[in-house]
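Colleague: Below you'll find the structure I mean.
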Amino acid sequence: MSFPLPELPFAQDALAPHISAETLEFHHGKHHAGYVGKLNAAIEADSSLAGKSLEDLIKTTSGGVFNNAAQVWNHTLYWNSMSPNGGGQPTGRVKHGIDAAFGSFEDFKAKFTAAAVGQFGSGWAWLVKNSSGGLEIVATGNAGNPLTDGKTPLLVCDVWEHAYYIDYRNARPAYVAAWWSLVNWNQVAKDL
Ligand SMILES: [Fe+2]
C-alpha cells in the first residue's frame, strides 16, 4: 500500500492572482509530491510502518518518517484550507467559535497573522480545536503538526518560503495578507 498524492481541490490557476498557477505547479506537483514519494519509499524500506494511517505515523514516528508523513498531511489540509470562493468573514458556528475564543474576527485575524508572519524559518500557522472544544492558534516549525499535542487542526497556512517565493519573493506578510482572501471557512466548519 502506498499513499497517493491528493489532487488539488481546485484548478491550478483558480487561486490567482493571490497564488499563481506556477506556485501551485511547484508546490503541489514538486514539493507535496516529493513528500509523498519519500514517505512511500520509507514505508517500503521498513515493514513495521506498513498499514499505518498518516495520522498514526505522525503520532508514533520521528525523524524522516515523521517529517514526510506530516508534510503530506499538512499540505492536504493546506489545499483544503483555501478556495477560489473563500475569504471574507465566517458565519454561524465558525463565527461563534472564533468570537468566543478570540473576542472578534478582527482580533483572530490579527493574532493568526502574527503567528504566521512571526514563525521563525519554515513552518505552519494553524487554527486548532483543543481537547475542551475551544479554538486556539498554534504555530509549528518545519513539519510540526498539532495532532502530536492532541489538538485537531481546522485550518492551516503554509509559511515555508516555497509557498510564496515565486509570487511574493521574500515578502511573507504580503502572502499572508493575500491568503485571507482564499480562506475556506467550510473546511473549519467541517471538524469544529
Ligand atoms: Fe509547502
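Only the coordinates and a few stated rules stand behind these numbers; no lab work does. Because the structure is predicted, anything quoted here is derived from the model rather than measured. Cβ: placed from backbone, ideal geometry, glycine included. Neighbour counts: every protein chain shown.
Colleague: With +1 on each Lys and Arg Cβ and -1 on each Asp and Glu Cβ, and nothing else charged, work out how big the dipole of the range 104-174 is about its Cα centre, in Debye to the nearest 20.
Modeller: 20
Colleague: Considering Cα pairs under 8 angstrom that are at least six residues apart, work out the relative contact order of the chain and quote it in whole percent.
Modeller: On the way: 287 pairs, mean separation 47.5, N = 192.
RCO, the chain: 25 percent.
Colleague: Quick check: the angle from helix 92-102's long axis to the longest principal axis of the chain, C-alpha only, nearest 10 degrees?
Modeller: Orientation of helix 92-102: about 90 degrees from the principal axis.
Colleague: Also: If you take the Cα Rg of the range 36-121 and divide it by 2.2 N^0.38 Å, with N the number of residues, what do you get?
Modeller: 1.48
Colleague: Going highest first, how would you order 6-12, 182-188, 152-158 by mean Cβ packing within 10 Å?
Modeller: With the highest mean Cβ count within 10 Å placed first, the list reads 152-158, 182-188, 6-12.
Colleague: What residues from the range 120-159 fall in the zone where the backbone N is under 16 Å from a label point 7 Å along the Cα-to-C-beta line of Ser53?
Modeller: 146-154
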